[in-house]
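Engineer: Submitted below is the structure of interest, expressed as structure tokens.
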Amino acid sequence: MSRGVKISLALVAVFVVAVAAILLVGRSGGDSDASAPGGGAGAVVRPDSHRISSAPEGSPTFVEFLDFECEACRSVYPAIEELRAGYGDRVSFVVRYFPMPGHFNAERAARAVEAAAQQGKFEQMYQKMYETQSEWGEQRVPKDDVFRGYAADLGLDMAAFDAAYADPATAARVAADVADGKALGVQGTPTFFLDGQRFSPATYQDLTDALDAALR
């Protein structure tokens, strides 16, 4: 079996497990996503939304509302990275913050990523949060010092990072994404949109099929 086939099969398995977790939590009232968008006036993408891959104007746009402390988001993360590797020059990938209130450090993690973004390190901190989630997630004590350590590891200007992390404007930027998500009917994470339309893939193949269809 070729390496590429092995990777694809592994990603399918990861995605199926992640979706199963989302559906299971949804039945218990946790990190679920709603079955249909709400009637609010939220924007799926705004000019200041963070793009982790940018395709030419007019290309399809894939949006994920996510929570860095969400285990389902962490499980799906490798699949999203694989999609970026295969489609990133043809599809724009956009990240929106949606920290869930039940996750003690989720909003802090989002602020840390946003503070890093102000120094051009959004993608690096975004990846760091998922790669280290087991070190700080699902804990009921503040992990500000942990996130500050990640910023130092990335070589950020720490005075600027500290100021941005504590700035109410940074928290407001995160809250603006949450407000858009709620207006769009987002109730949990991860929630996906493709070209402005919400969709709920059950497998990794559903994702690739949707992107392929959008590119036709």
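The values are calculated or read from the model by the stated rules, or taken from the named source; none is laboratory data. If you're wondering where the values come from, they're calculated on a predicted model, not measured in any experiment. So basically every Cβ, Gly included, is an ideal-geometry build from the backbone, and we count neighbours across all protein chains shown. Each accessible area value is taken on the protein alone, full model and side chains, heavy atoms only, with ligands, DNA and RNA left out. Shrake-Rupley method; radii C 1.70, N 1.55, O 1.52, S 1.80 Å.
Engineer: Just to check I understand the Karplus step: with θ = phi - 60° and J = 6.51 cos²θ - 1.76 cosθ + 1.60, what whole-Hz values come out for the range 157-171, glycine and proline as x?
Structural biologist: Result, rounded to whole Hz: 5, 6, 5, 5, 5, 4, 5, 5, 4, 8, 6, x, 5, 5, 4.
Engineer: Based on alpha-carbon centroids, what's the gap between the range 80-119 and the range 192-216 in Å, whole number please?
Structural biologist: Result: 18 Å between the Cα centres.
Engineer: Short version: ³J(HN,Hα) in whole Hz for each residue of the range 43-53, in order, from phi by Karplus 6.51 cos²θ - 1.76 cosθ + 1.60 (θ = phi - 60°), x for Gly and Pro, what are they?
Structural biologist: Values per residue, Gly and Pro as x: 9, 5, 9, 10, x, 9, 5, 7, 9, 8, 8 Hz.
Engineer: From the square roots a ≥ b ≥ c of the eigenvalues of the alpha-carbon gyration tensor of the range 74-183, which class results: rounded (a/c under 1.5), prolate (a/b over b/c), or oblate?
Structural biologist: rounded
Engineer: Taking H as built 1.01 Å from N, whose amide H comes closer than 5 Å to the amide H of residue 188, not counting residues under 5 places away?
Structural biologist: 34
Engineer: May I pose another question? Just read off the accessible area of residue 195 with the full protein assembly in place, 1.4 Å probe, to the nearest 10 Å².
Structural biologist: 80 Å²
Engineer: Calculate the spin-label point distance for residue 206 paired with residue 48, positioning each point 7 Å from the Cα along the beta-carbon direction, and give it in nanometres.
Structural biologist: About 3.3 nm, to one decimal.
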